[in-house]
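The values are calculated or read from the model by the stated rules, or taken from the named source; none is laboratory data. Please read all numbers here as calculations on a predicted model, not as lab measurements. Quick reminder, even Gly has a Cβ in these numbers, built from the backbone with ideal geometry, and neighbours come from all protein chains shown.
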Amino acid sequence: MKRLWVLLALGFSLLAFAQTPKPFAGASLNFQWINGIGLTGLLLQGGAYDLLGDAALRGSIGLGLTPTNYFELGVDVLVPLSTDRLTPYAGGGLGYVNFSGTSFVGLRGIVGADYTASKDISLFGEAVPILYLVNGGTAFGIQLRFGVNKLF
């Protein structure tokens, strides 16, 4: 219990050095393949840029459209590699997908680019390779996402 309080105190003290967070919300089309099975869906996401230095924290929820219904949750940390109008970024996170009665929990990497279309609108595309743990084994997946974010 004492360790938890120390970690919380350290976390809050690090937040004191953070810039003012910039919240965002967005949506994307999500094309993914898990061990050769193709899934298409809509992903809704929200989070904030500049939480710790330049890093962003993003949470997402996805719903499958075809060929089978699926449900997806994710949380990611993204780090910009530049601050230009076209900003490449990299990151990683955790994901959960459930389809056809099977649950997949995965570790994922993220490589993408964000294009600032206006002061508060950005377009993005990203590739997300994922290593899933399922039924005592592993499965490989990859997602391609194309979407838009609104800054607040």
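Observations on the structure shown:
- Just so you know, in segment 12-61 the residues that are touching an Asp or Glu at 6+ places or on another chain (Cβ under 6 Å) and modelled with pLDDT of 90 or more include one that is farthest from G95 (Cα to Cα), and it is K22.
- Selection count, segment 93-119, where residues are modelled with pLDDT of 95 or more and either touching a Pro at 6+ places or on another chain (Cβ under 9 Å) or among the charged types (D, E, K, R) (or both): 7
Rundown of residues vs (1) assigned to a strand (DSSP E or B); (2) of a type in the set (A, V, I, L, M, F, W, C); (3) in contact (Cβ under 8 Å) with a residue 24 or more places away in the chain; (4) surrounded by fewer than 19 Cβ atoms within 10 Å (Cβ to Cβ), yes/no style:
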| residue | (1), (2), (3), (4) |
| --- | --- |
| I61 | yes, yes, no, yes |
| L65 | yes, yes, yes, yes |
| V79 | yes, yes, yes, yes |
| P88 | yes, no, yes, yes |
| L94 | yes, yes, no, yes |
| V111 | yes, yes, no, yes |
| G125 | yes, no, no, yes |
| I130 | yes, yes, yes, no |
| L133 | yes, yes, yes, yes |
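- Being surrounded by fewer than 17 Cβ atoms within 10 Å (Cβ to Cβ), part of a strand (DSSP E or B) and among the hydroxyl-bearing types (S, T, Y) is a property that Y49 lacks.
- Segment 20-46: number of residues that are crowded, with 19+ Cβ neighbours inside 10 Å, under 17 Å from N149 (Cα atoms) and among the aliphatic types (A, V, I, L, M): 1
- Apart from one condition, G106 fits all of (1) in contact (Cβ under 8 Å) with a residue 24 or more places away in the chain; (2) under 20 Å from T20 (Cα atoms); (3) buried (at least 17 other Cβ atoms within 10 Å of the Cβ); the exception is (2).
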